[in-house]
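Single-structure report; data block below.
Nothing in this text is a laboratory measurement; each read-out follows from the coordinates by a stated rule. All values derive from a computational prediction rather than experimental measurement. Note: ideal-geometry Cβ built from the backbone for every residue, glycine included; neighbour counts use all protein chains shown.
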Amino acid sequence: MSATGLKERLIDWIKRNKSKAYSIRLNRLFQEAAQIVSEHPGIG
């Protein structure tokens, strides 16, 4: 998924649920996962 696509999905989620809390947490998880895969490309 592209960064733009992820951003659009997170914005839609915020609009639907009227809360940023889950979107912020989900974005943090995506960032952590991307960092781990970039450090260890063999596991991705």
Cβ-Cβ under 9 Å pairs, at least 6 apart or on other chains, region 33-44 side under 16 Å from LEU6 (Cβ atoms), far side β-branched (Val, Ile, Thr): VAL37/ILE43
Every residue from region 2-24 that is within 8 Å of the chain's Cα centre (by Cα) and either not in a helix (DSSP H, G or I) or not hydrophobic (A, V, I, L, M, F, W, C) (or both): LYS7, SER23
